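Okay, structure first, notes after.
The values are calculated or read from the model by the stated rules, or taken from the named source; none is laboratory data. Bear in mind the structure is a predicted one, so any value in this text is a computation, not a measurement. Here the Cβ positions follow ideal geometry from the backbone for every residue, glycine too, while neighbour counts run over all protein chains shown.
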Amino acid sequence: MESAIDAHLVCPRTISRRVPDDYQPPFPMWVGRADAPVTQVAMAYLGVQYRDDTQRGVALAALATIVGMLEGRHRADHYDLTQHTDADGYANLMAVGYWRNPVLFCDWLRTPTVAEWWGSDERLTDGIGFFREITTPRVDQFETLYAFQDHLPGVGAVMDGVSGDINEHGYWGSMRERFPRSQTDWMQPSGRLRIASGDPNCGGRVIVQGHDNIAIIRSGQDWREAGTEERALYLDEIRPTLSAGMDFLRDEGQAVGCYSNRFVQSIDLDGNLLDETYNIGHWRSLEKLERWAESHPTHLRIFTTFFRVAAGLEKLRLYHEVSVSDASNQTFEYINCHANTGMLRDAVTTE
């Protein structure tokens, strides 16, 4: 058994673990591994927002344009597509892209095709909304966890491989302790979300300034290859409590430190649903995320169900990734989105 923290990222601990040195987890789990030259990654949530089905064709065409950019010069190393309906009843399509080299990602952002499209006045008159929520965490600022070892999704798709059985899982606090940063840093937040430019209540272009150590979780469930029994396990047992928890965070998460929560379903480029869902949650801090996970009844039911079935999973693929980032490595920009979209809801006007 090995540590979730790769050998080249291990350093002398100044913060103790929550379990004894001889702790043994109840079942095997794995993490993604990146070679030492990978020091930072880019994660970009690129969204299209529309109000009703009459605009779906326009929105899908815009999504196809974004995908064309992701496949163009300085292309993303991996991307996937999703849809969801938010708390205000707006439909949202997203392309979620990952780069293993943030320099190449910055080059991608600056290519004329991308920069001119995003900056064009036509985005203000398309009749739909757009957003991009981008973070570029260092490798000591994110962790992963998989109940499988092949074809890793999300940020795992840009890693170089997968670990052996890891030690840091199966107990409260293990998420934090898979972060290399957690050896010496509590990763506390600083500052508040602020409106840097624009007015969310007036539409147009709005930029939100983030703060250090915003936490983002992507927690996924893929049943595309699952058999009848495992499909029923997810759809009949896991998903109802999962959906309840996600709805709580979407509608009432502000009170517990959740800035934004989206429970999305994967789609193809034509908008057809795929048998995969995942949650995208933006939180004020890792500590706020931990407190909800350890105390809210809906998450406790999810956690209990997972513990009961994890050892027997064969084709049902469950995973998550969690990251924090510096404010200087965050971008939150919105065009003609409603005022509760993403970080807009909790951002205050800059004084």
Tell me, please, whether a residue that is within 15 Å of MET159 (Cβ to Cβ), of a type outside the set (A, V, I, L, M) and either without any contact (Cβ under 8 Å) to a residue 12 or more places away in the chain or buried (at least 23 other Cβ atoms within 10 Å of the Cβ) (or both) can be found in region 49-71.
no
Of all residues in region 204-227, count the ones that are part of a loop (DSSP other than H, G, I, E, B), surrounded by 22 or more Cβ atoms within 10 Å (Cβ to Cβ) and of a type in the set (Gly, Ala, Ser).
1
Can you name every residue in region 95-150 that is within 28 Å of HIS8 (Cα to Cα), modelled with pLDDT of 95 or more, among the hydrophobic types (A, V, I, L, M, F, W, C) and in contact with a strand residue (DSSP E or B) (Cβ under 7 Å, 6 or more places away or on another chain)?
TRP99, PHE105, ILE134, VAL139, PHE142, LEU145
Starting from residues that are surrounded by fewer than 16 Cβ atoms within 10 Å (Cβ to Cβ) and either among the charged types (D, E, K, R) or out of contact with any strand residue (DSSP E or B) (no Cβ under 8 Å at 6 or more places or on another chain) (or both), keep the ones in region 189-203 and report whichever is nearest to ARG13 (Cα to Cα).
ARG192
Has region 260-279 got at least one residue that is in contact with a strand residue (DSSP E or B) (Cβ under 9 Å, 6 or more places away or on another chain), touching a residue at least 40 places away in the same chain (Cβ under 8 Å), buried (at least 20 other Cβ atoms within 10 Å of the Cβ) and over 25 Å from TYR234 (Cβ atoms)?
no
Kindly provide the set of residues from region 114-145 that are within 26 Å of SER163 (Cα to Cα) and assigned to a helix (DSSP H, G or I), ordered by number.
VAL139, ASP140, GLN141
Residues satisfying the stated conditions in region 280-303, i.e. among the aliphatic types (A, V, I, L, M) and without any contact (Cβ under 8 Å) to a residue 60 or more places away in the chain
LEU300
Close pairs (9 angstrom Cβ cut-off, 6 or more residues apart or separate chains): in contact (Cβ under 8 Å) with a residue 40 or more places away in the chain and more than 17 Å from HIS169 (Cα to Cα) in region 1-18, in a loop (DSSP other than H, G, I, E, B) and among the acidic types (Asp, Glu) anywhere:
THR14/ASP185; ILE15/ASP185
Those residues of region 277-330 which are modelled with pLDDT under 95 and aliphatic (A, V, I, L, M), in sequence order:
ALA293, LEU300, ILE302, VAL309, ALA310, ALA311, LEU313, LEU316, LEU318
Return only the number of the condition from (1) in contact with a strand residue (DSSP E or B) (Cβ under 7 Å, 6 or more places away or on another chain); (2) under 29 Å from GLY68 (Cα atoms) that LEU289 does not satisfy.
(2)
The condition of being more than 23 Å from ASN329 (Cα to Cα) and at pLDDT 95 or above holds, among PRO20, PRO12, PRO37, PRO28, only for PRO12
When every residue in region 229-262 that is under 20 Å from THR304 (Cα atoms) and aromatic (Phe, Trp, Tyr) is compared, the one modelled with the highest pLDDT is PHE248
Quick check on my filter: what residues within region 146-157 are buried (at least 21 other Cβ atoms within 10 Å of the Cβ) and either in a loop (DSSP other than H, G, I, E, B) or touching a His at 6+ places or on another chain (Cβ under 6 Å) (or both)?
LEU152, PRO153
Where residues in region 317-351 are aliphatic (A, V, I, L, M) and closer than 14 Å to ILE195 by Cβ, which of them is surrounded by the most Cβ atoms within 10 Å (Cβ to Cβ)?
MET343
Take the residues in region 72-114 that are surrounded by 21 or more Cβ atoms within 10 Å (Cβ to Cβ) and of a type in the set (Ser, Thr, Tyr); name whichever of them is nearest to ASN340 (Cα to Cα).
THR82
Filter region 228-245 for residues that are of a type outside the set (Val, Ile, Thr), under 13 Å from ARG301 (Cβ atoms) and either within 23 Å of the chain's Cα centre (by Cα) or crowded, with 19+ Cβ neighbours inside 10 Å (or both) and give the result.
ARG239, PRO240, LEU242, SER243, ALA244, GLY245
When restricted to GLY170, GLY220, the only residue in contact (Cβ under 8 Å) with a residue 60 or more places away in the chain, more than 22 Å from TYR79 (Cα to Cα), small (Gly, Ala, Ser) and touching a Pro at 6+ places or on another chain (Cβ under 7 Å) is GLY170
